[in-house]
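Data block below; observations after.
Values quoted throughout were computed directly from the atomic coordinates according to the rules given, and no laboratory measurement underlies them. Treat the numbers as computed from the prediction; the structure is a model and nothing was measured. As a convention, Cβ positions derive from the backbone with ideal geometry for all residues, glycine included, and neighbour counts pool all protein chains shown.
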Amino acid sequence: MQRWLKFVKYLSKLGWEITIYTPENPEFPVTDESLLRDVPAGINILTQPIWEPYSVYKKFVGRSKKDGIGASFMSEEKEPSKAEKLSRWVRGNWFIPDARKFWIGPSIKFLSPRVQKGKFDIIISTGPPHSMHLIALALKEKFRTPWLADFRDPWTEIDFVDELRLTDRSKAKHAELEKRVIQKCDHLVVVSQTMAKSFSNLKKADDITDIPNGYDDDDFGSANPVELKSGFNIAHVGSLTPDRNAPALWKALSELCATNVTFTSELKLRFIGKVDIKARQELESLDLWKHVEVVDYVPHKELLTHLMENQILLLLVNQTKNAKMILTGKIFEYLKAKRPILAIAPTDGDLSKLLDHTQSGWAVDFGDVSGLKQHLSRMFEQHKLGSLTIDSQKIEDYSRERLTLSLSDLVQRILNS
C-alpha cells in the first residue's frame, strides 16, 4: 500500500492529523518491514480483527497455510486445477465485492461512535479491496461526514474480472455497489486519466480528480551511484502474471538470438518477482529460459538498486480490456531510476502518454513483434557503444511529495465547499 503510506507520510508533514484504520490480522501476499520507516511518529492507528475465507480456500485447493494470497490468479508451479477454477467462481459470485466483505459490518459498528463524536473532518477510503468503500459509504450515510473515495484500480473493469467468471446477477450487484460508492462520495480520486473518463457517466467531471502514483525522493536520496550489470540486462519488476505474459516479446528475443550470436551471449532476462507457469513454459519452448534470472520479492529499499543496475527496464501491461487505463505504481520508480523503459502496452493508452511526456522510453503494442525487434536491436547497438542512456524530462511532476500537495489542496477544497 505504498500509495497511502506515502500520502500519510507527507500529509503528516503538512500538518494534517491522521487516523489509520486497518485490519489487525489480514492475509498478506508479502510483508516488507523496511517500509515501517515511512510511518510517521504520532499518527493514530486503529485496528480490528478481520475474518477472511483464505484458510478455507487454501485447504480446498491444497495450498500450504503459509502461502501468501495475491490478487492476480497466477501459479508458479502448475496449471490451475479444477478446484482452483471453482474457487475463483466462488470468490467472484459469493464474496461481493470481495473476500474482505466480512469486515464491513464489524467496522461500521467499531467506527460509528468515533465518527459520531465529530473527531474527523473527512473520511478517506481506498480500494481495492472495495469493501473498504462500503464501510465509508455506511458512515457517510449515517453521519454526513465528508468522504473522499480513492480508486487505485477499477472495480467492475478491473483487469482480472473475467477470471472471476461472474454470473449476470453478480455483475449487476458489483455494478450497483460501484455506482452507489461513486455517486455518494463527495469526491472521487483515481490514478489515471482514462480511469477518470470511464467514471464520467456516474459522476460530474468536477468531482473526479486524477492523482497518479509516484516515486519518493527519500527512497532515492541516499542511494549510492550504481554500476550497470555486465551484459544486456532486461529487468521486469513485479509478478509476471498470466495476463502480463508477453509472447510477442519472447518471439522477438528468440528471433534476435537466432540471428545474432553476440546478442545471444549477452542477453539476460531478470525477473524480480514471481513468474507464472505459462510464461515459463513459453520461455522454455523458445530456449530462452537459460537467459533468465529470477529474484524473489526484495525489500523496497533494495529494489531501487535493482532498477538502476540494468540496461533496460521492462514494463508489461496487463492484456485486458482496461489496458489503456493501467498505470502501475512501479512505473514512476522506473522513471526515477532513469534507465530506458520498454513497455508492451497500448500505444494510445495512459502509459504511452506518460512515456512521451517524460521522454523516458517507448511503448510497443502487444503483438508487434517487428516493432519490438527494432527497438531491441537499436538499444543493443547503443549498449555495445556504451551510449544506452535516457534524457528524461518532467519526472518531478510525479514525486510523492508534490502529489500529496495536490491531495492536500483537494481535501481542503472539499472541506470548504
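Couple of notes before you dig in:
- The chain: calculated mean residue ellipticity at 222 nm from DSSP helix runs of at least 4, using -39500 (n - 2.57): -12500 deg cm²/dmol
- With all pairs of different C-alpha atoms in the average, the Kirkwood value for the hydrodynamic radius of region 306-362 is 11.3 Å.
- The ranking of K140, K85 by Cβ neighbour count inside 10 Å, starting from the fewest, reads K85, K140.
- Footprinting exposure proxy for Y297, Y334 (fewest neighbouring C-beta atoms within 10 Å first): Y297, Y334
- Size of the chain as Cα extents on the principal axes (Å, biggest first): 71, 49, 40
- For region 299-338 versus region 161-176, the gap between their alpha-carbon centres in whole angstrom: 30
- Dipole magnitude of the chain about its Cα centre (Cβ charges: Lys, Arg +1; Asp, Glu -1), debye to nearest 20: 1400
- Taking a ≥ b ≥ c as the square roots of the Cα gyration tensor eigenvalues, region 219-396 comes out rounded, since a/c falls below 1.5.
- Segment E141-N93, length gained on full extension (0.36 nm per residue, minus Cα span): 14.7 nm
- About the Cα centre, charge dipole magnitude for region 219-396 (Lys/Arg +1, Asp/Glu -1 at Cβ), debye: 60
- Cross-link pairs beyond the 19 Å C-alpha cut-off, checked among K268/K384; K9/K324; K278/K330: K9/K324; K278/K330
- Linear extension gain, R169 paired with D207, 0.36 nm per residue minus alpha-carbon span: 10.7 nm
- Approximate spin-label separation T262-E24, in nm, with each point projected 7 Å along Cα-to-Cβ: 6.4
- Full extension of the chain between E381 and E176 gives 68.5 nm of extra length, using 0.36 nm per residue less the Cα-Cα distance.
- Long-range HN-HN contacts of L240 with modeled amide H, under 5 Å: K274, V275, D276
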